[in-house]
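Below is one structure; the comments refer to it alone.
The values are calculated or read from the model by the stated rules, or taken from the named source; none is laboratory data. Note that the coordinates shown come from a computational prediction; the quantities given were computed from them, not determined experimentally. Positions of Cβ are backbone-derived with ideal geometry, glycine not excepted, and every protein chain shown enters the neighbour counts. Remember, those area values only see protein heavy atoms, side chains included, never the ligands or the DNA or RNA. Shrake-Rupley method; radii C 1.70, N 1.55, O 1.52, S 1.80 Å.
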Amino acid sequence: MSDHKANKVLLIVVAAIAVVALIVSVALNKPAKQLDRTTPEGAVQAYLAAVVAGDFETAGKWLDPKGNCRVVDLDRAYFANDVKISLKSSSESSNSAVVKIGIENSSGDPFGGSFTEDHTIRLVKAANGWLISGMPWPMYECGGVK
Amino acid sequence: MIIGVFSMLIPIALVVLVVLGIRKISSASSKNQGAGSLRNFFQYALLLALMVIVANGLAGLLGRLINPSAMVLADDASLARNLSFVIVGLPLLAGIGLWTRKGFQADAHRAKEPMAALFVTVATLISLIIGLSSTIELLRNIASANAFDGQTFSNALIWTGMWIALWVIGNRTILARNLQVSFLLGSLVGYIASIVGLVGVISATITQLTGMNSDVLVTSSSHDIVNSLVVVLVGGLVWMQYWYRTTRKSERNNLWNAYVLIAGVGGGLVMSVVAASITLYQTAVWFIGEPSAVLARDHFSGVPSSTGVVIVGLLAWWYHKSLLAGSTSRTEVNRIYDYIISGIGLIASAVGLSMILIAMLEATIQSTLIVGGSAINSFLSAATLIVVGGPVWVIYWRNIQSLVKQSPEVELASITRRIYLFLLFGIGGIAAIISLIVGVYQLFNDFLTGEFGSSTLRDLRYVIGVLVSTAIIASYHWSIYRHERTVDVSFGSPSKSVVLIGPADKQIAHEIREATGARVTLWTRADGEGLSWSVSDVVAAITSSSDDQLVIVLDAAGLKVIPLVRK
């Protein structure tokens with residue numbers, strides 16, 4: 001195959017990949033599915049969505065009042081702006097539940113690299129749904145401010 | 001702050017003084033080449049340092065000017081630093097730049113100096129990499145409708161502007177042949193960025209199409225496909241400028257061939273083979289082995305990326321291979337490529353063989369492991385290495401051996417072949433001897449301390465695995481080397497040097513070089529109108545001459561061959 005032909009084929013293949021990717025991007029790009037807020041997964045999703053949006057007051061309402069963590073602890077927590085959080089697994093018993101999540105952070109390189117860290121969120125059953133106990137992401141210290 | 005500025009100015013002033021001092025010394029003795037080179041080194045080093053300082057200062061000031069409202073607390077120290085960078089650096093950069101330009105105008109030889117080409121190469125590469133990453137970040141911000149970041153915008157603008165200026169100045173002043181390294185490095189930057197972007201596009205598209213991202217609870221990041229398309233766009237533009245418009249059409253010498261063969265053909269092939277192996281291994285573990293993930297979606301989460309790597313690797317391999325389709329001559333670079341790929345295939349297979357032996361020994365001995373260390377997974381990874389590495393080695397080694405049969409006098413005398421054989425039977429032999437010593441030591445140790453038993457065999461499993469595979473490799477390559485050791489190895493064939501004097505012809509030097517392997521230089525006659533070169537006549541004149549250095553003059557009467565004496 002000549003140089004000229006090879007360049008032409010390369011251009012066509014790359015353009016085809018780009019066009020297909022754009023069509024898929026436009027046609028199938030949907031926001032994350034909203035889960036039922038009365039389930040442990042739904043409670044975790046509501047909490048995380050509020051945290052990522054910076055609405056700590058709303059996020060704080062999903063924290064167990066008997067636990068150590070308060071909204072002021074969320075104010076002091078640090079997390080990257082560019083995150084994607086996936087549900088890994090969940091298990092439930094009569095009064096408690098465990099939801100495992102994967103948090104994909106941008107590594108900051110120009111090529112869009114990322115790294116994923118796994119976290120476990122524990123929940124307790126309350127009168128009107130599930131509340132998050134323990135020290136959920138992005139908090140690594142609770143009760144420091146009185 | 002004043003002390004800080006002064007402390008920064010002192011080294012700059014010292015370098016200026018050194019440059020001026022050396023300039024004075026070298027002008028006093030214009031024939032002093034060593035001092036001239038040293039002066040040039042300092043001059044270009046200073047120019048490079050000033051370029052980086054001024055670009056940083058300008059980008060910092062412009063970024064601050066564009067969106068001052070984004071700053072909660074005024075950073076006076078950075079403002080002072082950027083101001084001093086620009087106020088001190090810019091006049092110095094202009095002054096030394098003009099001085100350099102004057103030097104180029106006064107002495108045409110300076111355009112041919114490697115030091116000038118080195119400066120342009122380093123400066124262009126720095127500005128290209130910073131400009132490329134800043135532009136990608138800027139376009140991503142725009143595509144995801146994030147807040148406009150003035151600093152990213154100014155970085156992209158200043159460094160891309162710097163790159164354009166260096167490109168134009170470099171191409172106007174420096175001899176094109178000396179800029180080949182710069183062009184190849186730029187091509188490599190564009191090539192890597194395009195490949196990474198394209199892999200990201202394919203991976204994100206497959207993820208979206210297969211619904212593998214349906215487990216996403218929350219996302220604040222911009223769209224993966226668009227992000228990767230931005231990398232393809234910017235990387236592709238760099239590649240187009242450096243490779244498609246420039247390097248592709250340049251002289252196809254050893255450096256050019258090395259880039260195409262090693263980065264293009266070899267890089268593409270290795271990428272595809274490694275990614276395909278990982279996918280094969282993951283699939284085998286899921287169906288036959290012991291996967292650690294419960295859900296198929298988690299276990300195969302890396303498959304979209306590896307599929308992208310396989311597709312893009314094969315595309316890169318095919319494209320670069322097709323560039324070599326017209327080339328008939330086999331150079332040392334081709335041999336290096338063949339032996340590297342063959343060696344990778346062989347080492348992968350040898351590691352696989354060792355792992356299978358180790359896994360077999362582990363399976364026969366009662367294990368004391370409580371958690372982890374799945375023998376079936378070890379066996380599958382070993383099988384994958386053999387299944388993938390084995391065919392690669394067989395294909396490339398058979399091709400090498402068939403070329404040896406076709407032209408044994410050239411292939412057997414190749415230094416690359418000799419190094420390959422030495423490395424494999426040498427390193428393989430050393431590894432086998434070390435394994436043997438360690439094994440015998442363990443045997444004696446257990447025997448003398450009264451601990452000889454099934455645990456001894458278990459301790460020896462690695463030693464046996466390594467010993468068997470390296471012994472096979474070493475003995476095979478020794479048997480080949482044994483028949484070839486009488487052949488004299490050539491450390492690069494002593495090619496002829498030919499100066500052609502005649503009419504201008506862009507292709508003649510390249511064609512003669514391709515046909516004869518000689519180093520060819522064309523000097524154009526001022527009175528060469530009406531004359532034209534005949535490639536076959538020139539090739540015949542070179543091959544029929546027994547002399548190494550020739551001058552071939554073309555005039556109205558025909559070719560005149562003048563042999564020269566090598567001193």
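Can you tell me how many residues in the range B:218-230 are under 21 Å from residue B:303 (Cα atoms) and buried (at least 21 other Cβ atoms within 10 Å of the Cβ)? Total meeting the criteria: 5.
Just the residues that are open to solvent by less than 40 Å² (accessible area, probe 1.4 Å) and either in contact (Cβ under 8 Å) with a residue 60 or more places away in the chain or among the small types (Gly, Ala, Ser) (or both), please, taken from the range A:50-68. Passing the criteria: A:50, A:51, A:59, A:60, A:63, A:64, A:67. Of the candidates B:128, B:79, B:118, B:90, the single residue that is open to solvent by 50 Å² or more (accessible area, probe 1.4 Å) and touching a residue at least 40 places away in the same chain (Cβ under 8 Å) is B:118. Report yes if some residue within the range B:198-215 is part of a helix (DSSP H, G or I) and closer than 18 Å to residue B:263 by Cβ; otherwise report no. Within the range B:198-215 (the criterion being part of a helix (DSSP H, G or I) and closer than 18 Å to residue B:263 by Cβ), the answer is yes, since at least one residue qualifies. Just a yes or no: is a residue in the range B:482-492 modelled with pLDDT under 85 and either part of a strand (DSSP E or B) or buried (at least 16 other Cβ atoms within 10 Å of the Cβ) (or both)? Yes: one or more hits.
Look at (1) open to solvent by 60 Å² or more (accessible area, probe 1.4 Å); (2) without any contact (Cβ under 8 Å) to a residue 60 or more places away in the chain; (3) closer than 30 Å to residue B:398 by Cβ and you find that residue B:530 fails only one, number (3). One residue alone among B:238, B:260 is surrounded by 23 or more Cβ atoms within 10 Å (Cβ to Cβ), at pLDDT 95 or above and more than 11 Å from chain A (Cβ to nearest Cβ), and that residue is B:238. For the range B:101-116, does any single residue satisfy the condition of being at pLDDT 90 or above, assigned by TED's automatic domain parsing to the domain that holds residue B:164 and of a type in the set (A, V, I, L, M)? No, the range B:101-116 has no match at all. Just one of the numbered conditions (1) part of a strand (DSSP E or B); (2) open to solvent by less than 30 Å² (accessible area, probe 1.4 Å) is not true of residue A:136: (1). Scanning the range B:121-159 for residues that are closer than 29 Å to residue B:45 by Cβ and away from chain A (no Cβ under 14 Å) turns up B:121, B:122, B:123, B:124, B:125, B:126, B:127, B:151, B:154, B:157, B:158. Here the range B:280-307 is the region considered, the condition is being more than 26 Å from the chain's Cα centre (by Cα) and hydroxyl-bearing (Ser, Thr, Tyr), and the residue that is most open to solvent (accessible area, probe 1.4 Å) is B:292.
Among the residues of the range A:9-36, those identified as open to solvent by 70 Å² or more (accessible area, probe 1.4 Å) and not hydrophobic (A, V, I, L, M, F, W, C) are A:29, A:30, A:31, A:33, A:34, A:36.
Per-residue answers, yes or no, for (1) facing another protein chain (nearest Cβ under 9 Å); (2) outside any loop (DSSP other than H, G, I, E, B); (3) modelled with pLDDT under 90:
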| site | (1), (2), (3) |
| --- | --- |
| A:32 | yes, no, yes |
| A:44 | yes, yes, no |
| A:75 | no, yes, yes |
| A:79 | no, no, yes |
| A:86 | yes, yes, yes |
| A:89 | yes, yes, yes |
| A:121 | no, yes, no |
| A:130 | no, yes, no |
| A:142 | no, no, yes |
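Taking the criterion of being in a helix (DSSP H, G or I) and either surrounded by 19 or more Cβ atoms within 10 Å (Cβ to Cβ) or in contact with a Phe, Trp or Tyr (Cβ under 6 Å, 6 or more places away or on another chain) (or both), would at least one residue in the range B:449-462 satisfy it? Scanning the range B:449-462 turns up no residue that is in a helix (DSSP H, G or I) and either surrounded by 19 or more Cβ atoms within 10 Å (Cβ to Cβ) or in contact with a Phe, Trp or Tyr (Cβ under 6 Å, 6 or more places away or on another chain) (or both).
Every residue, every condition in (1) at pLDDT below 90; (2) among the polar types (S, T, N, Q); (3) open to solvent by 30 Å² or more (accessible area, probe 1.4 Å), yes or no:
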{"site": "B:137", "(1), (2), (3)": "yes, no, yes"}
{"site": "B:153", "(1), (2), (3)": "no, no, yes"}
{"site": "B:178", "(1), (2), (3)": "yes, yes, yes"}
{"site": "B:191", "(1), (2), (3)": "no, no, no"}
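The number of residues in the range A:106-115 being assigned to a strand (DSSP E or B) and either more than 30 Å from residue B:130 (Cβ to Cβ) or more than 9 Å from every other protein chain (Cβ to nearest Cβ) (or both) comes to 1.
Looking only at the range B:193-204, residues that are surrounded by 23 or more Cβ atoms within 10 Å (Cβ to Cβ) and free of Cβ contacts under 8 Å to residues at least 60 places away in the same chain come to 2 in all. Being modelled with pLDDT under 90 and crowded, with 17+ Cβ neighbours inside 10 Å is a description that does not apply to residue B:407.
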